[in-house]
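Following: one structure in structure tokens, then a few remarks.
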Amino acid sequence: PSAPLYSHAIFDNVDQMTPIGASTNATVVSNTINPLPLVSVATSNRDMVIGAITAGESGTYTAQNGFTLGLTQSMTNPPGSTALGIGYKTANGSGETVSMLFNTANGSWINRQAGLAIVLKVVN
């Protein structure tokens, strides 16, 4: 798209020596699986899991698997459209799987999606 979407957040109690724990990403093109399949990330108790997913068309995201929706935004600006969804969850020490359901504004077909999940490690 010719106009980007942005997001930001501020976190406290993050381990400054090793702030990022596990991470994963996925990209699917053309009529993608919904939600975008991301693998589980390993966590420790009280870590913060953050997931961000983007689609190549307008729509909104709904957080799943106990995640809280931090942001969903969409933009249509010819010649392209895009959507962004961000979710977060405080971990309990077990594996966590980010799942964001895309609600397309263009019917049931989804152009493409890309996403990532990271674990912010808590200060012990």
Check your understanding: Do any strands (runs of 3 or more DSSP E) lying entirely in segment 29-124 carry at least 2 residues that are β-branched (Val, Ile, Thr), out of contact with any helix residue (DSSP H, G or I) (no Cβ under 9 Å at 6 or more places or on another chain) and buried (at least 18 other Cβ atoms within 10 Å of the Cβ), and which ones are they?
Key -> 45-55, 80-92, 112-120
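Please enumerate the residues belonging to segment 1-20 that are touching a Ser or Thr at 6+ places or on another chain (Cβ under 7 Å) and not in a loop (DSSP other than H, G, I, E, B).
Of everything in segment 1-20, nothing turns out to be touching a Ser or Thr at 6+ places or on another chain (Cβ under 7 Å) and not in a loop (DSSP other than H, G, I, E, B).
Residue-wise test of (1) within 14 Å of the chain's Cα centre (by Cα); (2) within 30 Å of LYS121 (Cα to Cα); (3) modelled with pLDDT of 85 or more.
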{"site": "ARG46", "(1), (2), (3)": "no, yes, yes"}
{"site": "VAL49", "(1), (2), (3)": "yes, yes, yes"}
{"site": "THR54", "(1), (2), (3)": "yes, yes, yes"}
{"site": "GLY59", "(1), (2), (3)": "no, no, yes"}
{"site": "GLY95", "(1), (2), (3)": "no, yes, yes"}
{"site": "MET100", "(1), (2), (3)": "yes, yes, yes"}
Practice item. Provide a single number: the residues in segment 20-44 that are in contact with a Leu (Cβ under 6 Å, 6 or more places away or on another chain) and over 17 Å from THR97 (Cβ atoms). Key: 0
Exercise for review: Inspect all residues belonging to segment 45-55 and state whether any of them is small (Gly, Ala, Ser) and closer than 14 Å to ASN103 by Cβ.
Suggested key: yes
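The values are calculated or read from the model by the stated rules, or taken from the named source; none is laboratory data. In this text, all values refer to a predicted model and were calculated from it rather than measured experimentally. Cβ sites come from the backbone with ideal geometry, for glycine too, and all protein chains shown count toward neighbours.
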